[in-house]
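Report on the following structure.
Derivation of every value follows stated rules applied to the coordinates shown; laboratory data play no part. All of these numbers come straight from a predicted model, not from anything done at the bench. Please note: Cβ atoms are built from the backbone with ideal geometry, for glycine as well, and neighbour counts cover all protein chains shown.
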Amino acid sequence: MLPQPVLIVIVQYVVQALMALVIMLILRKFFRQYKNDFFRYWSWSWLALFVNMIGSCVALANAFLLPLDHPFRLIISMITVTASFLQIAWLYAGTKEISRTRKINQKQLRLLTILIIPISIILVMIHFQNPDGGDYRIFYRVGIKSLLAGVIFGICASMLWKISKTGIGIRFIIFSFLLYGLLQINYFLVTFFEIVNIPYGVELPYFMGAVDLFLQSLMGLGMIISVLEIEQHNLKKANSELDTFLYRSSHDLRAPLTTISGIVSAIKLTDDIHKKEEFLDAIQGRLDQADNVIRDIITLRKGQKTDLSIVELDLKEEITKEFNSLIEPNGTHPKIEITSTENTRIKTDPARLHTILTNILSNSIKYHNYETKNPQINVEIKNSEKGYHITIEDNGAGIDEKHLPKIFDMFYRASKSSNGTGLGLYLVKDALEHLGGSIQVSSQKGKGTTFGIHLPDHA
């Protein structure tokens with residue numbers, strides 16, 4: 001029979017494990033909905049905590065029920081220590097993503113994950129057969145992890161401090177990270193002073209698991225509140241875009257019809273055949289304008305409701321094909337030059353890739369500078385982290401700097417002379433968000449525009 005204090009600690013561990021499982025499932029659900037990497041990494045972190053707590057329960061019971069050299073004790077300890085290190089690594093990765101300090105290097109994260117396994121095995125193996133090495137085993141299996149956790153939680157809190165004004169959920173997380181980090185440092189100091197035989201003065205009562213549970217609950221609450229705040233932000237954004245969409249689309253569809261109605265009245269009042277042909281051409285132009293609006297609306301609706309359909313494509317071939325489909329064979333248009341790495345094959349959604357390339361290349365063609373002797377579009381394709389970075393640069397008309405922050409907004413037109421729908425670059429941004437990519441732009445009026453696109457490889 002296990003001692004009562006041990007049973008109390010085991011119950012605390014079980015409660016922590018169940019809480020971790022619930023929070024992991026909530027964050028996993030939101031990752032599937034929004035595809036934000038920090039949801040994924042944080043959910044993995046809570047899953048690792050779940051494994052850690054269950055392993056700790058079994059390991060604690062094994063200490064009283066099984067002999068020291070029993071292989072099952074060794075296996076459970078290895079699993080538990082590995083899970084504790086993975087929890088820290090994934091928590092750091094998720095925090096780094098949400099704080100937007102820098103994109104996580106996937107290769108480095110995978111390498112770290114792989115290295116954690118042999119490191120954990122080594123820490124568990126130290127003094128594992130020494131009957132008098134209990135304090136050393138606790139130090140290497142718990143103390144070192146606690147030191148690392150204390151440092152990492154402090155670093156995570158400092159990263160989140162930069163975005164602390166984004167909501168109360170983030171502030172909850174910062175507060176719990178700081179306290180939990182201090183608690184972990186205390187655990188390290190207790191185990192360290194134990195092996196050097198120096199009185200520390202701060203004991204570890206059996207109810208310390210309750211303090212862990214409280215701080216972990218605070219973390220989970222903060223993360224869930226952050227999720228709800230993100231959901232609220234997305235709903236406000238959707239409502240705002242819906243209002244804009246209804247107003248502008250009805251205006252852009254009604255304007256050509258009103259013009260056509262006036263032209264039809266003018267046709268009735270003239271017998272000049274040449275005038276009638278001009279009027280008919282004008283009607284056709286207005287019909288094309290309305291058709292463009294309807295086509296972009298359909299594209300937007302499909303993009304928002306259609307799941308990703310991943311196929312393998314060659315980026316260089318797709319860019320060349322899109323460019324050739326946009327130009328008139330005998331018309332005036334810029335030349336295109338594509339430079340790339342050896343391998344430009346990518347697994348992505350062809351419909352969304354078409355939306356991205358068509359809208360950006362058509363703008364480069366449409367707004368090229370007729371006064372330039374050599375109008376040109378330079379496309380560079382480079383391998384980047386988990387995908388490609390595509391730079392599309394033209395020497396065309398350019399965009400005034402004051403318009404740059406708004407060019408990806410719905411129905412925004414940077415030029416009054418533009419006959420476009422104002423949805424093109426919004427469609428590009430929407431397609432990239434669904435693909436998990438990003439886009440940046442720089443431009444100078446009269447000198448040209450450069451778009452930088454990160455396109456993930458969904459291999």
Longer than 27 Å from Cα to Cα, which of Lys107/Lys236; Lys386/Lys429; Lys321/Lys402; Lys236/Lys447; Lys29/Lys347; Lys236/Lys429 are they? Say none if no pair is. Lys107/Lys236; Lys321/Lys402; Lys236/Lys447
For the modelled label position 7 Å from the Cα of Glu229 along Cα-to-Cβ, which residues of region 161-178 have backbone nitrogen atoms closer than 14 Å? 161-177
With everything on Cα atoms, drop me the angle between helix 37-65 and the longest principal axis of the chain, reported from 0 to 90° to the nearest 10. 10
Let me know the charge dipole size of region 308-459 about its Cα centre in debye, to the nearest 20, where only the beta-carbon of Lys, Arg (+1) and Asp, Glu (-1) is charged. 460
Just to be sure I understand the model, the point goes 7 Å from the Cα along the line to the Cβ. What's the resulting Ile119 to Arg345 distance in nm? 3.6
Would you mind telling me the antiparallel percentage of the DSSP bridges in the chain, rounded to 5? 80
Tilt relative to the chain, helix 315-326 - C-alpha long axis, 0 to 90 degrees, to 10: 20
Could you check the spin-label model distance between Asn369 and Asp288? Points 7 Å from the Cα along Cα→Cβ, value in nm. 2.7
Hz values of 3J(HN,Hα) by residue in region 426-442 - Karplus curve (6.51, -1.76, 1.60), Gly and Pro given as x: 5, 5, 4, 4, 5, 5, 5, 5, 5, 7, x, x, 8, 8, 10, 9, 9
In nm, what is the difference between 0.36 nm times the number of residues separating Lys321 and Phe72 and their Cα-Cα distance? 83.6 nm
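Compute, for region 4-237, the length of the dipole vector about the Cα centre, with Cβ point charges of +1 (Lys, Arg) and -1 (Asp, Glu) only. Units Debye, rounded to 20. Each step should come with its number before you reach the end.
Details: 20 positive and 10 negative charges, 289 e Å.
In debye, rounded to 20, region 4-237 gives about 1380.
Round to the nearest 0.05 the FRET efficiency obtained for Asn105 and Ile273 when R0 = 56 Å and r is the Cβ-Cβ distance.
Efficiency for this residue pair is about 0.20.
With 10 angstrom as the radius, rank Glu342, Glu194 by how many other C-beta atoms surround their C-beta, starting from the fewest.
Numbers: Glu342 5, Glu194 18.
If I rank by nearby Cβ atoms, fewest first, I get Glu342, Glu194.
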Amide H contacts of Gly387 (H built 1.01 Å from N, under 5 Å, at least 5 apart or other chain): Asp457
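Sorting His274, His389 on the 10 Å Cβ count, fewest up front, what's the list? It would help to have the intermediate numbers written out before the result.
Values: His274 8, His389 16.
Final ranking by Cβ density, sparse to dense: His274, His389.
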Looking at [x] 21, 48, 27, 4; [y] 20, 40, 25, 12, 3, 0; [z] 28, 61, 11, 0, which value of P(r) over Cα pairs in 20 Å bins from 0, in percent comes from a calculation on the structure shown? [y]
³J(HN,Hα) computed for each position of region 138-145 - Karplus, 6.51 cos²θ - 1.76 cosθ + 1.60, integer Hz, glycine/proline x: 5, 5, 6, 8, 10, x, 5, 4
Separation in nanometres of the label points that stand 7 Å from Cα toward Cβ, at Leu221 and Ser438: 3.2
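With n ≥ 4 as the cut-off for DSSP H runs, can you work out [θ] at 222 nm for the chain, using -39500 (n - 2.57) per run divided by the number of residues, rounded to the nearest 500?
-22500 deg cm²/dmol
Take each of the peptides 372-384, 355-367, average the number of other beta-carbon atoms within 10 Å over its residues, and list them starting from the highest. Provide the component values of the computation, followed by the final result.
Working: 372-384: 15.9, 355-367: 22.2.
Descending mean neighbour count gives 355-367, 372-384.
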Which cross-chain or sequence-distant (5 or more) residues have an amide H under 5 Å from the amide H of Arg345, H modelled 1.01 Å from N in plane? Leu315
Reachable lysines from Lys165, Cα under 17 Å, same-chain residues fewer than 8 places away excluded? Lys96
